[in-house]
């Protein structure tokens, strides 16, 4: 019983210390037009989360709800183009209403993730979404492929924000 109590206390301390960890600011867009940001985004490359390490044909879709939340659908094939279709439905919500560039993403209550729109082009055709912890990043576009020069430029932007770009994985897209 004492071991269990000590384990719980140690876990609480670890969580508390992790929550206090400071990360340098990350670049975000000054203003994101939520209506223009909504819709389908093909995941071109990422530092993948555990659920998407073998993702193929990954697409993130956003739909603005009446209550201001963002209905999200993340779909991909697991392990190959013919792999099992996986679908996730996290709920997004804007945290910074001045810029609309900082969101929270709730996958399963009470698990929430930091979600920051680091870059979106003027046409809303290409975007980079990251996290303050710099553990995950997503390069997405309205089309399944982007020009090689754009990809290299985005890798440079991601590196400038303190990400380890050796962890970036191109997501296979074939439609």
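Please treat every number below as a calculation from the coordinates, not as lab data. Everything numeric here is computed off the predicted structure, so don't read it as measured data. Cβ placement follows ideal geometry from the backbone for every residue including glycine, while neighbour counts extend to all protein chains displayed.
Descriptive notes on the structure:
- Contour minus Cα-Cα distance for residue 132 and residue 160 (0.36 nm per residue): 8.7 nm
- Across the chain, Cα-Cα pairs more than 27 Å apart make up 29 percent of the total.
- Principal-axis analysis of the Cα atoms of the chain puts helix 148-160 at an angle of about 30° to the longest axis.
- Angle in degrees between helix 2-20 and the longest Cα principal axis of the chain, rounded to the nearest 10: 40 degrees
- Amide N of the stretch 55-88 lying under 12 Å from the label point, which is placed 7 angstrom from the Cα of residue 38 along Cα→Cβ: 62-72
- Per-residue [θ]222 nm for the chain (sum of -39500 (n - 2.57) over DSSP H runs n ≥ 4, rounded to 500): -6500 deg cm²/dmol
- Each of 84, 112, 133 was scored by other Cβ atoms within 10 Å of its Cβ. Listed from fewest to most, they are 84, 133, 112.
- Translational diffusion of the stretch 76-175, µm² s⁻¹ [Kirkwood Rh, Cα pairs; Stokes-Einstein; 4 °C; 1.567 mPa s]: 86 µm²/s
- Short-range pairs are left out: with C-alpha atoms under 8 Å and at least six residues apart, the relative contact order of the stretch 25-170 is 26 percent.
- Computed over the stretch 96-162: relative contact order in percent, which uses C-alpha pairs under 8 Å that are six or more apart: 18 percent
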